[in-house]
Amino acid sequence: MDAIPHPAPVAGSDRPGALHEFLARHRRLFVLTGAGCSTASGIPDYRDAEGGWKRVQPVTFQAFTGDAAIRRRYWARSLAGWPRFAAARANAAHQALAAIEDDGRIEALVTQNVDGLHQQAGSRTVIDLHGRLDRIVCLGCGALSPRADFQHELVHRNPGWDRYAAVTAPDGDADLDGVDFAGFAVPACPRCGGLLKPDVVFYGESVPRARVEAAVAHLHRSDGMLVVGSSLMVYSGFRFARMAAEAGIPLAVLNLGRTRADGLATLKIHADCALALARPGRTGSGQG
């Protein structure tokens, strides 16, 4: 494979206005967001500033579908974590990106997050690359249903479990220590009796091809790419940064910490997402 052509990166830039100069030069932005966009909304991230895991890696698709005990543990923890996840609200980073779209400057916003907060903030051209946690899918018949309804059924079948004290973890999960999950009841699909799963892409599972193809089409219609709040350690997101570099599309990366695409970036901004995205003369709050 030929070497990827890209301008020399501006590593670790914190210069005021650098990001806004980049935005001003590019009118059709392909935006890719990650967990750093949502931490200020109370949703923890998985990785530290060096891109390493902060906690045990999330359950894989193979483990979830192949082991009933793992499914019981997953859904018990999800029962405890869902209320706080569902109560999360869009923060200043989401709102800033929605405002940029309102200005006609975003070709598409692809998010690796599963929280729906970009839509809550008003973004319209959103591709939920890894799905949405507020939906349940049956792996048997493909039926979709609201996660809120499933929560009611979990609580109904498992009295008292909603009272467990739990520490919030990423993606609607929660840490439950010293708990026996053997008696936890997991409902099956009411239509076909099939296995129910959050409508999100688990580790070990492929992103649906249609989503990737739609994102790639948007990328090639763009004149710049902006990464916000992602380490890009997962290939499903990193591939777009690599494609941008291969196509000669300038790449700006805004993240608190190292990313997998730092060597491809035209501009790297190490800063709080919301503060960096705020328009000159305005301030924002939020953790990138």
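The values are calculated or read from the model by the stated rules, or taken from the named source; none is laboratory data. As the structure is a prediction and not an experimental result, all values here were calculated from the model. A quick note on method: Cβ atoms are made from the backbone with ideal geometry, for glycine too, and the neighbour counts reach across all protein chains shown.
Within the stretch 250-265, the residues that satisfy the criterion of being closer than 14 Å to residue 29 by Cβ and crowded, with 21+ Cβ neighbours inside 10 Å are 251, 252, 253, 254. Would you check if there is a residue in the stretch 112-121 being more than 25 Å from residue 275 (Cβ to Cβ), surrounded by fewer than 22 Cβ atoms within 10 Å (Cβ to Cβ) and without any contact (Cβ under 8 Å) to a residue 12 or more places away in the chain? For the stretch 112-121, residues more than 25 Å from residue 275 (Cβ to Cβ), surrounded by fewer than 22 Cβ atoms within 10 Å (Cβ to Cβ) and without any contact (Cβ under 8 Å) to a residue 12 or more places away in the chain: absent. Restricting to the stretch 208-233, and then to whatever is among the aliphatic types (A, V, I, L, M) and surrounded by fewer than 19 Cβ atoms within 10 Å (Cβ to Cβ), can you tell me which residue is farthest from residue 32 (Cα to Cα)? In this case the residue turns out to be 210. Highlighted here are the strands (runs of 3 or more DSSP E) found entirely within the stretch 63-159 that include at least 3 residues which are among the hydrophobic types (A, V, I, L, M, F, W, C): 106-111, 131-138. Evaluate the following for residue 245: is it under 23 Å from residue 267 (Cβ atoms), modelled with pLDDT of 95 or more and not acidic (Asp, Glu)? So residue 245 fits the description; yes.
Could you please let me know if residue 81 is modelled with pLDDT of 95 or more, buried (at least 18 other Cβ atoms within 10 Å of the Cβ), within 18 Å of residue 148 (Cα to Cα) and of a type outside the set (Val, Ile, Thr)? The answer is no for residue 81. Here residue 161 clears all of (1) at pLDDT below 95; (2) closer than 26 Å to residue 229 by Cα; (3) not basic (Lys, Arg) except the condition numbered (2). Of the residues making up the stretch 12-22, not a single one is modelled with pLDDT of 75 or more, outside the structural domain of residue 220 (by TED's automatic domain parsing) and over 18 Å from the mean Cα position of the chain (by Cα).
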